[in-house]
1. Does Val78 meet the test of being assigned to a helix (DSSP H, G or I) and open to solvent by less than 20 Å² (accessible area, probe 1.4 Å)?
2. Here's a check for you: in region 136-153, which residue that is free of Cβ contacts under 8 Å to residues at least 12 places away in the same chain and closer than 24 Å to Lys32 by Cβ is surrounded by the fewest Cβ atoms within 10 Å (Cβ to Cβ)?
3. What is the one condition in (1) under 19 Å from His33 (Cα atoms); (2) open to solvent by less than 50 Å² (accessible area, probe 1.4 Å); (3) of a type in the set (Val, Ile, Thr); (4) at pLDDT 90 or above that Thr156 does not satisfy?
4. Take Phe137 and tell me if it is at pLDDT below 90 and aromatic (Phe, Trp, Tyr).
5. Working only within region 127-164, note down all residues that are of a type outside the set (Gly, Ala, Ser) and over 15 Å from the mean Cα position of the chain (by Cα).
6. Output the residues belonging to region 20-50 that are open to solvent by less than 40 Å² (accessible area, probe 1.4 Å) and hydroxyl-bearing (Ser, Thr, Tyr).
7. So for region 45-60 (the condition being farther than 26 Å from Glu172 by Cβ, at pLDDT below 90 and within 20 Å of the chain's Cα centre (by Cα)), does at least one residue qualify?
8. Among the numbered criteria (1) at pLDDT 90 or above; (2) open to solvent by 20 Å² or more (accessible area, probe 1.4 Å), which one does Thr95 miss?
Amino acid sequence: MVKYFLGQSVLRSSWDQVFAAFWQRYPNPYSKHVLTEDIVHREVTPDQKLLSRRLLTKTNRMPRWAERLFPANVAHSVYILEDSIVDPQNQTMTTFTWNINHARLMVVEERCVYCVNSDNSGWTEIRREAWVSSSLFGVSRAVQEFGLARFKSNVTKTMKGFEYILAKLQGESPSKTLVETAKEAKEKAKETALAATEKAKDLASKAAGKQQQQRQHFV
């Protein structure tokens, strides 16, 4: 059994801008799990297509129950090969990625096609497919479910990272990261709570003063 994912996303930037951002998207605040990227091979074909192969290193946190199945010295990083084909004439870019270690535990294969959006020529459409498989006897289904859930989470981070880099390249202020937004919300909550506490103290003080006046009046 293999878990299959099919998704479609749109970036509100031209294909040329997305193509340029693709090679500059690391690092960004949403890709802290990406440790290294290296170009292994690159060539231009006679029909003017750009072929590239890159090696990426990413952190690979396993679920706790899976960690018990592997020795403590097993590398917690995963090595990803990424092949890409860029066709500037037809404005398409196709990428294929798959992990080359931890393959016994899980293999995640992904195919993405970047093309001009059919509804708006100034936008870029991303069609994404993924296959998650495991050959681990007895728990392969659980591993696949975990892998699919993590893949979906990483897709969200990938899109946020893309938007962040595109904004920088276009001279715009990148949108705040989730951490920054959460920090600001926390600070704002503290300020609101402090203001509420001060207001409560003030009301309590006024109420106490009023009660004191009433006692003096009756006396």
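1. Details: assigned to a helix (DSSP H, G or I): no; open to solvent by less than 20 Å² (accessible area, probe 1.4 Å): yes.
Against the criterion (assigned to a helix (DSSP H, G or I) and open to solvent by less than 20 Å² (accessible area, probe 1.4 Å)), Val78 does not qualify.
2. Ser153
3. Checking Thr156 against (1) under 19 Å from His33 (Cα atoms); (2) open to solvent by less than 50 Å² (accessible area, probe 1.4 Å); (3) of a type in the set (Val, Ile, Thr); (4) at pLDDT 90 or above, the one that fails is (2).
4. Details: at pLDDT below 90: yes; aromatic (Phe, Trp, Tyr): yes.
In short, yes.
5. Going residue by residue through region 127-164, those that are of a type outside the set (Gly, Ala, Ser) are 127-129, 131-132, 136-137, 139, 141, 143-146, 148, 150-152, 154-160, 162-164.
Answer for region 127-164, where residues must be of a type outside the set (Gly, Ala, Ser) and over 15 Å from the mean Cα position of the chain (by Cα): Arg127, Glu129, Trp131, Val132, Leu136, Phe137, Val139, Arg141, Val143, Gln144, Glu145, Phe146.
6. Tyr30, Ser31, Thr45
7. Restricting attention to region 45-60, the residues satisfying the condition of being farther than 26 Å from Glu172 by Cβ are 45-60.
If we keep only those that are at pLDDT below 90 as well, we get 59-60.
Pick out the ones that are also within 20 Å of the chain's Cα centre (by Cα) and you get 59-60.
Yes, region 45-60 contains at least one residue that is farther than 26 Å from Glu172 by Cβ, at pLDDT below 90 and within 20 Å of the chain's Cα centre (by Cα).
8. (2)
The values are calculated or read from the model by the stated rules, or taken from the named source; none is laboratory data. Since this is a predicted model, take the numbers as computed values, not measurements. In this analysis, Cβ positions are derived from the backbone assuming ideal geometry, glycine residues included, and neighbour counts consider all displayed protein chains. Areas reflect the complete protein model, heavy atoms only, side chains present, ligands, DNA and RNA absent. Shrake-Rupley method; radii C 1.70, N 1.55, O 1.52, S 1.80 Å.
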